[in-house]
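Colleague: What follows is a single structure, and I will ask about it in a moment.
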Amino acid sequence: MSAAPLDEKLEPIFQEVLRRNPGELEFHQAVREVLECLGPVMVKHPEFVEHKVIERICEPERQIIFRVPWQDDKGEVQINRGFRVEFNSALGPYKGGLRFHPSVYLGIIKFLGFEQIFKNSLTGLPIGGGKGGSDFDPKGKSDGEIMRFCQSFMTELYRHLGEYTDVPAGDIGVGGRELGFMFGQYKRITNRYESGVLTGKGLTWGGSLVRTEATGYGASFFVAEMLRARGDSFDGKTCVVSGSGNVAIYTIEKIHEMGGKVVACSDSNGVIYAEHGIDLALVQRIKEVERGRIGSYAERDRKARYIPGGNIWDIPCHVAMPSATQNEINGRDARTLVKNGCIAVGEGANMPTTPDGIRVFLDAKIAYGPGKAANAGGVATSALEMQQNASRDSWSFEYTEKRLHEIMRNIHDLCYQTAEEYGTPGNYVNGANIAGFIKVASAMVALGLI
Ligand code: NDP
Ligand code: 2IT
């Protein structure tokens with residue numbers, strides 16, 4: 001954990017968070033990172049201290065934990081645990097994805113929900129923060145098993161949702177297929193075609209163009225803005241993108257469109273290194289059509305190399321875009337990246353860099369875009385999907401992408417300017433945490449003690 005000291009008013013608040021949430025390491029990490037940035041804000045805004053905004057913001061408004069029973073293809077009963085943490089609704093209905101992964105426990109959902117509050121605030125759109133999921137492992141399951149699990153999950157969750165209450169979407173292990181099964185079950189139970197209750201929907205049943213691409217495109221736009229602020233661009237840059245899921249795929253696409261070359265991607269088993277540039281159509285065939293493993297890429301692109309168990313951050317690059325999971329870049333990885341000439345890092349994933357790693361990037365003064373700013377394009381486009389659903393309209397790809405691009409530019413500029421205003425130019429961590437916090441905190445004060 002980072003050694004940076006906390007402001008004397010904030011230290012006891014953090015100690016209380018540790019005491020009240022034992023064993024939730026990722027949640028502690030996410031809270032500490034935000035609190036480390038807020039000392040100067042407390043000086044400028046004594047009303048936030050008086051109204052105990054930080055103490056309140058660290059405590060979820062509501063946490064739901066439930067049993068998810070389902071039957072596998074052999075007829076055997078399986079039990080998983082479901083979660084929805086409704087963290088903060090000062091700015092709008094709870095909004096955030098659902099993660100299905102065996103590593104999921106309350107501490108992961110709380111870290112994600114906590115980050116989501118500030119990310120959603122940065123988008124400038126009316127959405128609060130929440131997150132959910134399950135320790136269900138979708139890998140190797142049949143479509144029938146996925147459907148039965150999703151139906152059971154929604155049979156409990158539906159009572160907590162609503163277009164004005166709580167609006168889930170996808171995250172790791174949850175994409176169009178899973179959202180379809182969940183939307184179908186919601187519609188059946190409630191007898192309402194309530195499009196605005198979920199985002200990331202398919203295009204034939206209320207989804208928005210660009211939502212599938214939005215996180216990866218948005219993260220690439222954010223890095224392009226950071227590079228532009230330094231008089232540079234993606235043109236001719238060698239890039240590395242970890243993961244090979246939704247975020248990674250559309251990051252690769254947009255980087256290639258903007259003139260960069262992605263030479264590596266990965267999954268939890270290994271790394272693909274393609275010095276001549278990753279063939280995106282092949283990655284998409286393997287991941288989106290066949291639902292296979294990235295290792296099989298090297299069997300079909302003979303110039304590429306598969307490194308089982310490899311560390312993607314050992315591959316030299318100008319731009320690194322972690323797009324898999326939390327804490328995938330540690331201090332050592334960050335030092336390797338900087339030593340190898342990395343000039344920019346854009347986080348498609350949530351909290352992919354450890355506190356040590358963040359310190360290395362900030363000390364090296366490279367362009368470092370933290371997840372809650374860089375990957376906000378996904379949830380921002382979810383909010384655009386909600387707008388389209390509310391007006392029973394659907395926008396063109398070009399118009400929706402233009403809106404996403406503007407939003408990412410605005411987030412970049414807000415973080416950049418806030419970092420300057422607080423005396424730490426170029427520090428997007430401070431910029432994102434401070435700007436994201438102030439908007440939510442101001443709304444919480446205005447809404448009274450709730
Ligand atoms: P997907 O399920 O589509 O893909 C996840 C990718 O990350 C896979 O390649 C997966 O490999 C890898 N991965 C997941 N968990 C681990 C792990 N514990 N160790 C190593 N590799 C892992 O998810 P997304 O692309 O949607 O999400 C990726 C990241 O982006 C997550 O951090 C998510 O929170 C974040 N994000 C997603 C948004 C969205 O709109 N989808 C929006 C904003 C952020 P494997 O198949 O081997 O598990
Ligand atoms: O982490 C995230 O921002 C997401 N998984 C997307 C959330 C959303 O509601 O679109």
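Read-outs: derived from the displayed coordinates by stated rules, not from any lab. As the structure is a prediction and not an experimental result, all values here were calculated from the model. FYI the Cβ positions are ideal-geometry reconstructions off the backbone, even for glycines, and counts take in every protein chain you see.
Colleague: Which ordering of V283, V174 is given by a fewest-first count of other beta-carbon atoms within 10 Å?
Modeller: V283, V174
Colleague: In terms of modelled amide H atoms, which long-range or inter-chain residues lie less than 5 Å from the amide H of G200?
Modeller: S208
Colleague: Next question, about the same structure. Based on Cα positions only, what radius of gyration and what Dmax would you give for the chain, in angstroms?
Modeller: For the chain, the Cα radius of gyration and maximum Cα-Cα distance read 20.8, 63 Å.
Colleague: Among F48, F181, G128, whose Cα projects farthest towards the positive end of the dipole of the chain, with charges put on the beta-carbon of Lys, Arg (+1) and Asp, Glu (-1)?
Modeller: F181
Colleague: Still on this model: How big is the stretch 1-82 on each of its three principal axes, counting only the C-alpha atoms and giving the largest first in Å?
Modeller: Taking max minus min along each principal axis of the Cα atoms, the stretch 1-82 gives 61, 28, 18 Å.
Colleague: Okay, moving on. Using the Cα centre as the reference, give the magnitude of the dipole from point charges on the C-beta atoms of the chain (Lys, Arg: +1; Asp, Glu: -1; all else neutral), rounded to the nearest 20 debye. Write out the running numbers ahead of the final one.
Modeller: On the way: 51 positive and 55 negative charges, 118 e Å.
Rounded to the nearest 20 debye, it is 560 debye.
Colleague: Sticking with this one: Extending each Cα 7 Å along its Cβ direction at E421 and R177, get the distance between those two points in nm, one decimal.
Modeller: 4.6
Colleague: I want to check the label-to-label distance for V77 and F397. Put each point 7 Å from Cα in the C-beta direction and report it in nm to one decimal.
Modeller: The answer from the label model is 4.8 nm.
Colleague: Right, next: Within the stretch 9-35, name every residue whose backbone N is under 16 Å away from a label modeled 7 Å from Cα of E59 along the Cβ vector.
Modeller: Once the point is set 7 Å along Cα→Cβ of E59, 12-22 turn out to lie under 16 Å by backbone N, inside the stretch 9-35.
Colleague: While we're here: How big is D for the stretch 285-388, in µm² s⁻¹ as a whole number, if Stokes-Einstein is applied with the Kirkwood radius of its Cα pairs at 4 °C and 1.567 mPa s?
Modeller: 84
Colleague: To make sure I understand, if each residue's beta carbon is the centre and we count other beta carbons within 10 Å, what order do E163, E275 fall in, fewest to most?
Modeller: Values: E163 16, E275 13.
Ascending number of Cβ neighbours within 10 Å: E275, E163.
Colleague: Also, I was wondering about something else. Please report T215, T204 as a ranked list, fewest other C-beta atoms within 10 angstrom at the top and most at the bottom. Present the calculation step by step, with values, prior to reporting the outcome.
Modeller: On the way: T215 32, T204 7.
Placing the least packed residue first, the sequence is T204, T215.
Colleague: Here is a further query. Which distance in nm do the two modelled labels at D314 and E16 give, with both placed 7 Å along the Cα-to-Cβ direction?
Modeller: Here the modelled spin labels are 4.7 nm apart.
Colleague: Another question, if that's okay. For G426, which sequence-distant residues (separation of 5 or more, or a different chain) have an amide H within less than 5 Å of its own amide H, given hydrogens modelled in the peptide plane?
Modeller: Excluding prolines and chain starts, which carry no amide H, the hits are E420.
Colleague: Can you work out the FRET efficiency for the pair L203 and E406, with r the C-beta to C-beta distance and R0 = 30 Å, to the nearest 0.05?
Modeller: Calculated value: 0.85.
Colleague: If you keep only loop residues by DSSP, which GluC sites (Glu not before Pro) in the stretch 331-415 have at most 16 other Cβ atoms within 10 Å of their Cβ?
Modeller: none
Colleague: Next up: Between R305 and E290, 0.36 nm times their residue separation minus their Cα-Cα distance comes to what? Don't skip to the end; give the middle numbers.
Modeller: Numbers: separation 15, 0.36 × 15 = 5.40 nm, distance 2.03 nm.
Difference between extended and current length: 3.4 nm.
Colleague: From the residues N389, Y306, P370, which one has its Cα farthest along the dipole of the stretch 296-401 in the positive direction, the dipole being from +1 and -1 charges on Cβ of Lys/Arg and Asp/Glu about the Cα centre?
Modeller: Y306
Colleague: Please list, in order along the stretch 138-147, the HN-Hα scalar couplings obtained from phi with the Karplus expression 6.51 cos²θ - 1.76 cosθ + 1.60 (θ = phi - 60°), rounded to whole Hz, x for Gly and Pro.
Modeller: Each residue's phi maps through the Karplus curve to give x, 5, x, 8, 6, 4, x, 5, 4, 5 Hz.
Colleague: Treating only the Cβ of Lys, Arg, Asp and Glu as charged (+1, +1, -1, -1), what charge dipole size does the stretch 150-218 show about its Cα centre? Round to the nearest 20 debye.
Modeller: That gives a dipole near 240 debye.
Colleague: Output wanted: per-residue J couplings in Hz (rounded whole) for the stretch 386-395, from phi through Karplus 6.51 cos²θ - 1.76 cosθ + 1.60, θ = phi - 60°, x for Gly and Pro.
Modeller: Here the 3J(HN,Hα) series is 4, 4, 5, 4, 5, 9, 6, 10, 9, 8 Hz.
Colleague: What is the list of residues in the stretch 47-80 whose amide nitrogen lies under 14 Å from a point 7 angstrom out from the Cα of L447, following Cα to Cβ?
Modeller: Within reach of a label on L447: 53-54, 56-62.
Colleague: Among DSSP beta bridges whose residues both lie in the chain, state the antiparallel percentage, nearest 5.
Modeller: 60
Colleague: Go through the stretch 45-109 and name the GluC sites (Glu not before Pro) that are in a DSSP coil and have 13 or fewer other Cβ atoms within 10 Å of their Cβ.
Modeller: Qualifying residues, ordered by number: E76.
Colleague: Another one. About its Cα centre, what dipole magnitude does the stretch 210-340 give when the only charges are +1 on Lys and Arg Cβ and -1 on Asp and Glu Cβ, stated in debye to the nearest 20?
Modeller: Numbers: 17 positive and 16 negative charges, 38 e Å.
For the stretch 210-340, the charge dipole is close to 180 debye.
Colleague: Determine the calculated [θ] at 222 nm for the chain from helices alone, applying -39500 (n - 2.57) to every DSSP H run no shorter than 4 residues and normalising by the residue count; nearest 500 deg cm²/dmol.
Modeller: Computed mean residue ellipticity for the chain: -14500 deg cm²/dmol.
Colleague: Between D413 and K139, how high is the FRET efficiency from 1/(1 + (r/R0)^6) when r is the Cβ-Cβ distance and R₀ = 56 Å? Nearest 0.05.
Modeller: Once the sixth-power term is evaluated, E becomes 0.90.
Colleague: What are the ³J(HN,Hα) values, in whole Hz, obtained from phi via the Karplus relation 6.51 cos²θ - 1.76 cosθ + 1.60 with θ = phi - 60°, for each residue of the stretch 54-64 in sequence order, with x given for Gly and Pro?
Modeller: 5, 4, 6, 5, 7, 10, x, 5, 7, 10, 10
Colleague: Need the list of aspartates and glutamates near K44 for cross-linking: C-alpha distance under 17 angstrom, and skip anything on the same chain fewer than eight residues off.
Modeller: Correct list for K44: D7, E8, E36, E420, E421.
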